[in-house]
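This report concerns only the one structure given below.
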Amino acid sequence: MRYETERTRRRGHADTATDTLARGLGIFSIAFGIAEIAAPRSLARALGMKGQEGLIAGYGVREIVTGIGILASKDPTPWIWGRVAGDGLDLATLATALEGRNPKKGNVGIAMAAVAGVTALDFYCAQTLSRESPHPLPPMQDYSDRTGYPRGIGQSHGAAQDFEVPRDFRTPEAMRPYSQPQAPQRPMPSM
Amino acid sequence: MKALVWHGTTDIRCDSVPDPQIEHPRDAIIKVTSCAICGSDLHLYNHFMPGMKSGDIMGHETMGEVVEVGAESKGKLKVGDRVVIPFTIICGECDQCKRGNFSVCERTNRNGHIAAKAFGHTTAGLFGYTHLTGGYPGGQAEYLRVPFADATHIKVPNSLSDEQLLFLSDIFPTGWQAAVQCDIEPTDTVAIWGAGPVGQMAIRSAILLGAKQVIVIDRVPERLDMAKAGGAITINLDEESVIERLNELTNGKGPEKCIDAVGMEAHATATIDSMYDRVKQATMMETDRPHVLREMAYVCRPAGTLSVPGVYGGLLDKIPFGAIMNKGLTIRTGQTHVNRWTDDLLRRIEEGQIDPSFVITHTVPLDQGPDMYKIFRDKQDGCIKVVLKP
Ligand SMILES: NC(=O)c1ccc[n+]([C@@H]2O[C@H](COP(=O)([O-])OP(=O)(O)OC[C@H]3O[C@@H](n4cnc5c(N)ncnc54)[C@H](O)[C@@H]3O)[C@@H](O)[C@H]2O)c1
Ligand SMILES: [Zn+2]
Ligand SMILES: [Zn+2]
């Protein structure tokens, strides 16, 4: 029950919910990237990763590029997979901050949990998109001319009012609508 | 011969089986020229209806040419006659047949005692539809044995095509009887749940019978399109509230007449009652999912009618009988008394009031039948009605 329709944004992507999710991830990517570039120092401080400001800003650039890729490309699938890989990199980098006597270990743990959550979302989105991508959907069949009335609906509407509803199929008299006070009694058809 | 044979849940195959023979002097054998897959067959395919055995031949919408006639049917049929075979096997002589209640014929169900255990009394024998209704081999095959053939047939003229005539076997009279059960007045709004083949025929029948307004409810876009082409206002249950829209379209009073053309496998999106049904069905405490019946009872105008062609098999739960009783609703239901309506309907096809072939979306050779069951069930590829050519 999935088709290319006028509302379809891209071939093979009738599923607008996943499209919306992908767009949301793209916007998130850019916003997060800007934060990493604008405030690498305070991020590094919060995570006990002093001296790695350059790396954080570099990751910010990566996030922005991926975000733009998601929003601007015809098919965001490879870019979302790119995000999944980037998430892996982020997690690995954060894991290094867990070593030694980092006093901000608690913060690093929280950051890793947050990244893991986003990773799950990225992975789900990438997987759904990949499943859709290889097979373009067929266009919806057009049945708007399948009236069933060879001479048009105008001719057919009420054409069977000559039909005598058998007595055993009639609504009980008392329940007939007020608009038809004297519904004619019809005899039982000869069967 | 080749035939579509049931082997188990979602397992239907095109097998080679022995040709049917005359077994009784009232039998006839027909060479099948066209047959169709019905929504009722899906209840067997999905194994919602009990009583199938591996090896049973499917199919109850069949037409063809008479190739052999038993001695006692000779006066009524001859070799070469072109016939549509109704899905209900009828004797034409019992009390029920005489009254035109063909689908509850008292004599054609050779497993009547089993049916009586399940339902209290026997109902008619049916082609290709479980051992509860006689275990008769069906017509999705190259040849079909027709029991009680002197009564169980509809003679059709050569001037019309198979496609125009085939649905006299079931879905056209079924949609028609659904509408007739509503005893439609020119002031009536008729609401129809399900835009499958039966729903489509019910729409056209309600229009022919002069309903003021016909509304159809489904969730498959191309089925809704076809419904609109037939003159119905459409409600997509995935996108709108069915109850609200129906009340809106009837000045808050609800439709006078409601038709359930969905049956026991109703789909419901995340409503409390649908989850309840799934749990009960999974634990075998309920056999059917009566979501549509509940919705109809609730929204129907007081003193209105519920017409139920949709097939149910067993026990239903949480039916709002309070609404039915207090609003004084009439319930009309039943398998279709096909032959009761077919003379009249054949005339309407001949006169061009309706051409039932509009509903066909797929025509394939018989051996592609097994694939088509899946495509039809999953509503892929715009599939609404499949015709098979042996
Ligand atoms: N009484 C008879 O003699 C007789 C004869 C033929 C068929 N039937 C029955 O009629 C029913 C319909 O047959 P069909 O061939 O059209 O089958 P189908 O399965 O093609 O159509 C059923 C339609 O109902 C829709 N639907 C599902 N849940 C719904 C809901 N909650 N609200 C509205 N629509 C919903 C589906 O999307 C589908 O389009 C089946 O139960 C079938 O067994 C009865
Ligand atoms: Zn049927
Ligand atoms: Zn009988």
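The values are calculated or read from the model by the stated rules, or taken from the named source; none is laboratory data. Worth saying up front: this structure is predicted, and the values here are computed from it rather than measured. Cβ sites come from the backbone with ideal geometry, for glycine too, and all protein chains shown count toward neighbours. Surface accessibility is based on the protein's heavy atoms, side chains included, excluding ligands, DNA and RNA. Shrake-Rupley method; radii C 1.70, N 1.55, O 1.52, S 1.80 Å.
Just one of the listed residues (B:351, B:256) is at pLDDT 95 or above, among the charged types (D, E, K, R) and touching a Ser or Thr at 6+ places or on another chain (Cβ under 9 Å), and it is B:256. Considering only residues that are surrounded by fewer than 18 Cβ atoms within 10 Å (Cβ to Cβ) and part of a loop (DSSP other than H, G, I, E, B), look in the stretch B:154-164 and name the one that is farthest from the other protein chains (Cβ to nearest Cβ). Among residues in the stretch B:154-164 that are surrounded by fewer than 18 Cβ atoms within 10 Å (Cβ to Cβ) and part of a loop (DSSP other than H, G, I, E, B), the one farthest from the other protein chains (Cβ to nearest Cβ) is B:158. Condition check: among the hydroxyl-bearing types (Ser, Thr, Tyr) and surrounded by fewer than 22 Cβ atoms within 10 Å (Cβ to Cβ). Does residue B:312 satisfy that? Yes, satisfied.
Against the numbered list (1) open to solvent by 70 Å² or more (accessible area, probe 1.4 Å); (2) charged (D, E, K, R); (3) in a loop (DSSP other than H, G, I, E, B), residue A:75 comes up short only at (1). Within the stretch B:11-26, the residues that satisfy the criterion of being among the charged types (D, E, K, R) and more than 16 Å from ligand 3 (Cβ to nearest atom) are B:11, B:13, B:15, B:19, B:23.
Residue-level analysis places residue B:59 among those that are in a loop (DSSP other than H, G, I, E, B) and buried (at least 22 other Cβ atoms within 10 Å of the Cβ).
Take the conditions more than 14 Å from every other protein chain (Cβ to nearest Cβ), open to solvent by 10 Å² or more (accessible area, probe 1.4 Å) and either away from ligand 3 (no atom under 16 Å from the Cβ) or touching a residue at least 24 places away in the same chain (Cβ under 8 Å) (or both) and apply them to residue B:50. Does it pass?
In short, yes.
Every listed requirement among (1) in contact (Cβ under 8 Å) with a residue 40 or more places away in the chain; (2) within 21 Å of the chain's Cα centre (by Cα) is met by residue B:304 save one, (2). Against the test of being open to solvent by less than 50 Å² (accessible area, probe 1.4 Å) and among the aromatic types (Phe, Trp, Tyr), the options B:87, B:119 yield a single qualifying residue, B:87.
Restricting the stretch B:73-91 to residues that are in contact (Cβ under 8 Å) with a residue 60 or more places away in the chain and part of a loop (DSSP other than H, G, I, E, B) leaves a set whose member that is farthest from ligand 2 (Cβ to nearest atom) is B:75. Residue B:32 falls short of the stated requirement of being farther than 26 Å from residue B:112 by Cβ, surrounded by fewer than 22 Cβ atoms within 10 Å (Cβ to Cβ) and in contact with a strand residue (DSSP E or B) (Cβ under 7 Å, 6 or more places away or on another chain). Evaluate the following for residue B:51: is it closer than 20 Å to residue B:3 by Cβ, modelled with pLDDT under 95 and in contact with a helix residue (DSSP H, G or I) (Cβ under 9 Å, 6 or more places away or on another chain)? In short, yes.
The condition of being within 16 Å of ligand 2 (Cβ to nearest atom), over 19 Å from the mean Cα position of the chain (by Cα) and modelled with pLDDT of 95 or more holds for only one of B:144, B:126, B:168, that being B:144. Restricting attention to the stretch B:173-194, the residues that are aliphatic (A, V, I, L, M) and within 16 Å of ligand 2 (Cβ to nearest atom) total 1. Looking at (1) in contact (Cβ under 8 Å) with a residue 24 or more places away in the chain; (2) of a type outside the set (S, T, N, Q); (3) farther than 20 Å from residue B:200 by Cβ, which is the only condition residue B:346 fails? Exception for residue B:346: condition (3).
Matching residues to (1) within 12 Å of another protein chain (Cβ to nearest Cβ); (2) at positive phi; (3) hydrophobic (A, V, I, L, M, F, W, C):
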site: B:166; (1), (2), (3): no, no, yes
site: B:169; (1), (2), (3): no, no, no
site: B:174; (1), (2), (3): no, no, no
site: B:183; (1), (2), (3): yes, yes, no
site: B:190; (1), (2), (3): no, no, yes
site: B:198; (1), (2), (3): no, no, yes
site: B:204; (1), (2), (3): yes, no, no
site: B:214; (1), (2), (3): yes, no, yes
site: B:222; (1), (2), (3): yes, no, no
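Residue-wise test of (1) of a type in the set (Asp, Glu); (2) closer than 20 Å to residue B:312 by Cβ; (3) touching a helix residue (DSSP H, G or I) at 6+ places or on another chain (Cβ under 8 Å); (4) not assigned by TED's automatic domain parsing to the domain that holds residue B:160.
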{"site": "B:72", "(1), (2), (3), (4)": "yes, no, no, no"}
{"site": "B:83", "(1), (2), (3), (4)": "no, no, no, no"}
{"site": "B:90", "(1), (2), (3), (4)": "no, no, yes, no"}
{"site": "B:116", "(1), (2), (3), (4)": "no, yes, no, no"}
{"site": "B:123", "(1), (2), (3), (4)": "no, yes, yes, no"}
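Within the option set B:73, B:34, being within 16 Å of ligand 3 (Cβ to nearest atom) and small (Gly, Ala, Ser) holds for one residue only, B:73. Tell me the residue from B:15, B:19 that is of a type in the set (Asp, Glu), in a loop (DSSP other than H, G, I, E, B) and either surrounded by fewer than 22 Cβ atoms within 10 Å (Cβ to Cβ) or near ligand 1 (Cβ under 10 Å from one of its atoms) (or both), please. After applying the criteria, what remains is B:19. Checked against (1) at the interface with chain B (Cβ under 7 Å from one of its Cβ atoms); (2) exposed (fewer than 12 other Cβ atoms within 10 Å of the Cβ), residue A:141 passes all but condition (2).
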